[in-house]
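Here the structure is laid out as C-alpha cells; the discussion comes afterwards.
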Protein chains: 2
Amino acid sequence: MRSMTSSPNTETGRARLPDVRDVEGAARRLRGKARLTPLLESALLNAETGARLLIKAEPLQLTGSFKFRGAYNRISRIRGARRAAGVVAHSSGNHAQGVAAAAHILGLPAVIVMPDDAPAAKIEGTRFWGAEIVLYDRRSEDREALARRLTAERRATPVPPYDDRFVIAGQGTVGCEIAAQARALGAALDLVLVPCGGGGLIAGCALALEHASPGTPIYAVEPEAHDDTKRSLEAGRRTGASSPEAQSICDALRLPMPGMLTFAINRARVAGGLVVTDGEVARAMAAAFRHLKLVLEPSGAVALAAALSGRIELRGKTVAIIASGGNVDPRLFCDAICQDSNMA
Amino acid sequence: MRSMTSSPNTETGRARLPDVRDVEGAARRLRGKARLTPLLESALLNAETGARLLIKAEPLQLTGSFKFRGAYNRISRIRGARRAAGVVAHSSGNHAQGVAAAAHILGLPAVIVMPDDAPAAKIEGTRFWGAEIVLYDRRSEDREALARRLTAERRATPVPPYDDRFVIAGQGTVGCEIAAQARALGAALDLVLVPCGGGGLIAGCALALEHASPGTPIYAVEPEAHDDTKRSLEAGRRTGASSPEAQSICDALRLPMPGMLTFAINRARVAGGLVVTDGEVARAMAAAFRHLKLVLEPSGAVALAAALSGRIELRGKTVAIIASGGNVDPRLFCDAICQDSNMA
C-alpha cells in the first residue's frame, strides 16, 4: 500500500516522520474497521458562541475514543512471524482498549501493562477484547521497564501511545474525515481545536489538514497545569509543563513532555496552545450532555471547553472541534453535569 | 411531490391513512434538514445478549429526538395564506421542541401550549427556536381546549403529536434509514424494537419496513403500566392501559390510548407489545452511557431495555433498536446511571 518514494527532510533520528501519504494509507486500512464518526452540531451552542461549531464525536468510535485508529493502523503493519508474538502496550486507559480491540480484530495476541489501581471499567473493557493484562504497582514498579522486558521476552512488537509513525498516521484519519464531512456541509474551516496529550492526534490531524484544508490554523488544547505542548511551541523546543504534578480531571492528558516525533511535526504546523481549567472542562461536559446528547470524558472535552469558555476568538467562524473520547466513570460524569446544573 | 394516485382501503373516517409513498415523500423533504443519525453498535452489548444490536441514535437528531421529523414534514405541507397564520401544538416535551424548530426553519410562527411545571430546560429549548409559549395549569386547565381555541382564533394549523398522516410519514423516515444503514452493513434485520407512546413512530416505521425489510417482525415497547398498545394489539381494538395513572420515569410514553390513525396502521403490522419496568429502563440508560456514549432519556431507552433485560428471545438475531430521544434532566440521568453502578 505504501508509496515507495521517500520524502526528504522527514527524518528524526532513526524514525521516519509520517507524512500525508501515511495518513491516506491509514484511511484505506481503517475503512470498514474504524467507524466514520459523525460531525455533530448544536444550534444552541452555535447561537451562544456566535460561531459554527462542528464537533467530531470520537466517543462513538470503537472502544469509545480515537485511540483505536492509531492502534489498528500500527498493528496492521506487523507481518509474518512477528504476528504470532503479538504486541505489548502500557496504558491505564484509552490506548489500552484501542490496542486490545485492534489486536483482537487483526488476530494477534496482546499484553497490556496497566496500573493495579486503574478504573475497574477500563480493566474490564481491555479484558473484554481478550488481551492479557499485567498489573503493576504504580508506586514501586517502572511500567516502561516492565513493558520493555515483556516485549523482549516474547519478541513482541511494542505499540507506543503516540510516538510512532503508524500511530500518528492512524490518528490523522480523524482529520481526513473532518475535512470531508465539512466539505459535504459546504463549510470552510476557519479553525480547528484538538485535545493534546502526547500530541499524536493533533500531529496526524495537522498532516491531514495541511493538505485537505490548507491554511486553517490548528490549536492544541491542554489542561492548564499540563501545558507542555503550549510551552514547547512557544519555546521552539520540547519542554515540560508548568506544574506536571498538579491534579487534573483530565487524566489522559497528564504527560511530562511532547513526543519527539509528534513535536517534530507539530512545531511547524500547530498555530499555538490553549489551556482550560477543570471547571471549564466540567461545563463543556455538561453542554455536550445537554445539547449534543454525547458522553465526553474530561480529557475528551478540553477542545470544546476552550471554545465555550472564550479561550480564543470564534465569532463568525466555522470551527472544527475534536471530542476525543467518552470513557468516564459515572460518578465523575455526574459530578460534572450536576455541578453545572446547580450553578445554572 | 406527492403521488397523484389514490390508495384503496386506506381511509379511516375523514383522514386518509399514510402509506409508504408518504414516507418516501417525507424522506425527500427531510433530506438535508433532518440529520441522518448513526446506527450504533457495541461489541460488549452484542456479546452480552448473543445478538447483533443495531441502535438507531435519535438523541443525535436536531432537538434531541425523532419528533423533529414528523413536525417538519407536517409543517412543510402548509401552503399559501395558512403559512402566515402559523402552527399550534401542545406538548410538555419533545414534540414542543420538534415543532418549534421545524416552524422556525420553515419560517412559520409557532405557538406551543406547555404545562407551567414543564422542566425549565424544555421550556428554554422550545423558546430558543423562537416559539411563543402559552403556559397552562395542569390541574385546572384543559390543554386540548386551550390549543383548539388558539388554533381557531389565529386560523392556525394544528400539529398533532402522532395522529396525523404527515407526522406519521415523517417519523417513518427513521425506518427508511435503518433499512438502508443495515443494508450498508450487510445485515438482514430479524427483529425491530420501537418505543411506543401514541404510536406514530412505530406506525411510520412499520410502513417503511414493510417495503424495505418485508417479513421482519416489529415490536412496540412500553412502560409496564402504560401498555395500551400491547393490550390493544391483543384485543384487536383500541383500549386503555392497565394502570394509566401509575407513575413512570418514561414521561413521554404515558398516553391513555393508541391513536386512531396509528392503531389502524399498527394493528395489522406490529407483531406484538413488550413492557419494561423503570429499573430495566434505568439499566438501559446506564448501558448506553457506558457502551455507546449516548445520552438516552427514559422514554428513549425502553426498546434497548427490552433487549437487554431478555423480554424477547434475541440470541443469534440481528435486532434494530430505536433509541428515540435524549432530553433528560441531569439529576434523573445521574440517578439512573449511578444506581446501576452501585448495583454492579
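Here, each number is a calculation from the coordinates, and none is a lab measurement. Remember, predicted model here, so these are calculated numbers, not experimental data. Backbone-built Cβ (ideal geometry, glycine too); neighbour counts: all protein chains shown.
Shielding by partners for peptide B:294-301, expressed as the average number of C-beta atoms from other protein chains within 10 Å of each residue's C-beta, is 2.
Here each label is just a point 7 Å from Cα along the line to Cβ, and for B:Arg79 and A:Ala188 those points are 4.0 nm apart. Counting beta carbons within 10 Å around each of A:Glu58, A:Glu313 and listing the fewest first gives the order A:Glu313, A:Glu58.
Chain B: longest stretch without exposed trypsin sites (Lys or Arg not before Pro) (DSSP loop, at most 11 other Cβ within 10 Å), sites themselves excluded?
Answer - B:156-236.
Between copies, B:Gly316 shows label-point distances of 6.4 nm, shortest first, with the point placed 7 angstrom from Cα along Cα to C-beta.
Plainly put, the tip 7 Å out from Cα toward Cβ on A:Ala235 is 7.6 nm from that tip on each other copy, the closest given first. Of A:Gly240, B:Phe66, B:Ala286, which is farthest along the charge dipole of the protein assembly as shown in the positive direction, counting Lys and Arg as +1 and Asp and Glu as -1 at C-beta? Toward the positive end, the furthest listed residue is B:Phe66. How high is the relative contact order of chain B, in percent, counting Cα pairs under 8 Å that sit 6 or more residues apart? So the answer I get is 20 percent. Phi angles of region A:108-114 translate, via the Karplus equation with coefficients 6.51, -1.76, 1.60 and θ = phi - 60°, into HN-Hα couplings of 10, x, 9, 10, 10, 8, 10 Hz per residue; Gly and Pro are given as x. Cysteines in the protein assembly as shown that lack a partner Cβ within the 4.7 Å cut-off: A:Cys176, A:Cys196, A:Cys205, A:Cys250, A:Cys338, B:Cys176, B:Cys196, B:Cys205, B:Cys250, B:Cys338.
Under 5 Å between amide hydrogens, built in the peptide plane, is the criterion, and for A:Leu36 it picks out nothing among residues at least 5 positions away or on other chains. Counting neighbouring Cβ atoms within 10 Å and putting the fewest first, the residues A:Leu261, B:Leu308 line up as B:Leu308, A:Leu261.
Can you pull the mean other chain C-beta count within 10 Å for peptide A:34-43?
Mean partner shielding for this stretch: 2.
What is region B:67-158's relative contact order, in percent, from Cα pairs under 8 angstrom and six or more apart in sequence? Reported as a whole number, the value is 32 percent. Between copies, the label points of A:Leu135, set 7 Å from Cα on the Cα→Cβ line, lie 5.3 nm apart, reported in increasing order to one decimal in nanometres.
With neighbours defined as other Cβ atoms within 10 Å of a residue's Cβ, the residues A:His104, A:His291 order from fewest to most as A:His104, A:His291. Which chain A residue puts its Cβ closest to the axis that rotates A onto B, and at what distance in whole Å? Of all Cβ atoms in A, the one closest to the rotation axis yields A:Cys334, 2. What is the Cα centroid distance between region B:78-128 and region A:18-45, reported in whole angstrom? Value for the Cα centre distance between the two parts: 36 Å. Rounded to the nearest 500, the helix-only mean residue ellipticity at 222 nm of the protein assembly as shown stands at -13000 deg cm²/dmol, with each DSSP H run of n ≥ 4 adding -39,500 (n - 2.57).
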